[in-house]
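Just below is one structure, and these are the notes that go with it.
Values in this text are rule-based calculations from the coordinates and carry no lab data. Quantities reported herein were computed from a predicted structural model and do not represent experimental measurements. Here the Cβ positions follow ideal geometry from the backbone for every residue, glycine too, while neighbour counts run over all protein chains shown.
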Amino acid sequence: MKLWFLGTGAAEGVPAVYCQCPVCSEIRKRGESEYHTRSQLLIDEKVGIDYPPDAYYHSLRFGVELSKLRYLLITHSHMDHFYAHDFILRGYKYCSPVDKPLEIYGNAEVKRVFDECTKRELREEVAKTISVKEVQPFVPFSFGEKNEYTATALPAQHSKTEQAYVYLLEKGKKTYLHLCDTGRIDETLFAYLQTYLSKKGKTVDFVTFDCTFLFHTAGNISRHMGLEDNRATQEEMLRRKIVNEGTVYAITHYSHNNSPLKENLERAKKEYGYLPAYDGMEIEI
């Protein structure tokens with residue numbers, strides 16, 4: 001699996017849209033190399049986790065061909081993770097014919113938001129090429145031209161108005177765990193991962209942590225995490241053999257409130273051993 005981190009910021013982006021705080025002002029001075037746009041991950045250039053308002057910008061900056069995007073795993077319906085208005089442009093006179101369909105997977109609210117955002121302008125011929133499928137927690141499902149991917153939606157600790165998800169993604173012998181836009185995961189999720197992976201004789205190869213709080217600890221009741229929360233989660237996964245000593249970890253989803261300047265992200269790498277994801281980072285697992 002090739003992971004391509006296109007956007008690594010929280011909802012407001014870094015620098016934040018309307019903000020003139022010292023952190024945002026400094027990052028504006030430093031320029032594009034320190035920007036963290038809204039969260040988007042591309043896998044093998046055809047599988048996406050989340051689709052933010054910055055997806056078009058990502059396609060321009062990094063040379064991403066969005067027409068190749070075939071499958072979307074959506075964590076939840078918040079605007080920074082699911083900007084559904086763009087999908088009206090996937091056909092009609094807005095683009096040359098896209099010959100393959102787009103499959104969107106998410107919770108019931110994702111389907112409702114898709115319908116709400118596209119009902120005024122989505123042409124029938126475009127609608128026929130897009131399917132939005134509701135997935136249930138703890139129920140693995142396969143997709144891909146040869147069903148080469150298996151994903152499992154897992155309950156996130158994030159929203160009071162919908163059941164947000166994190167995702168376990170498998171392809172062949174490789175396993176990826178996406179823990180973004182969630183607080184500390186609970187016992188139910190730990191137990192499921194332990195049992196599911198043990199039965200398959202697998203451990204997770206790569207984990208991406210939400211690290212909105214960076215050096216500040218979020219604790220057990222937050223909907224995001226910081227480095228100490230990441231470490232506590234890592235240690236519990238190690239204890240349960242969900243991960244192994246060779247598992248690689250990255251952090252993402254930074255907020256301007258917690259000063260994600262380059263030197264602070266490098267400090268996080270030095271002190272915790274996690275890769276600080278940046279916009280455009282590519283990893284092969």
Could we say that ASP86 is surrounded by fewer than 20 Cβ atoms within 10 Å (Cβ to Cβ), closer than 22 Å to GLU12 by Cα and in contact (Cβ under 8 Å) with a residue 24 or more places away in the chain here? yes
Among the residues in region 246-260, are any of a type in the set (Val, Ile, Thr), out of contact with any Asp or Glu (no Cβ under 9 Å at 6 or more places or on another chain), surrounded by fewer than 18 Cβ atoms within 10 Å (Cβ to Cβ) and not in a loop (DSSP other than H, G, I, E, B)? no
Looking at region 133-184, which of the residues that are outside any strand (DSSP E or B) and among the polar types (S, T, N, Q) is farthest from LEU42 (Cα to Cα)? THR161
Just to be sure, is PHE114 closer than 30 Å to THR247 by Cβ and not charged (D, E, K, R)? no
Of the candidates LYS160, LYS146, LYS128, LYS119, the one satisfying the condition of being surrounded by fewer than 12 Cβ atoms within 10 Å (Cβ to Cβ), within 21 Å of SER96 (Cβ to Cβ), without any contact (Cβ under 8 Å) to a residue 60 or more places away in the chain and out of contact with any strand residue (DSSP E or B) (no Cβ under 6 Å at 6 or more places or on another chain) is LYS128
Top-ranked residue in region 170-214 [being surrounded by 21 or more Cβ atoms within 10 Å (Cβ to Cβ) and farther than 18 Å from ASN230 by Cα; ranked as farthest from the chain's Cα centre (by Cα)]: LEU197
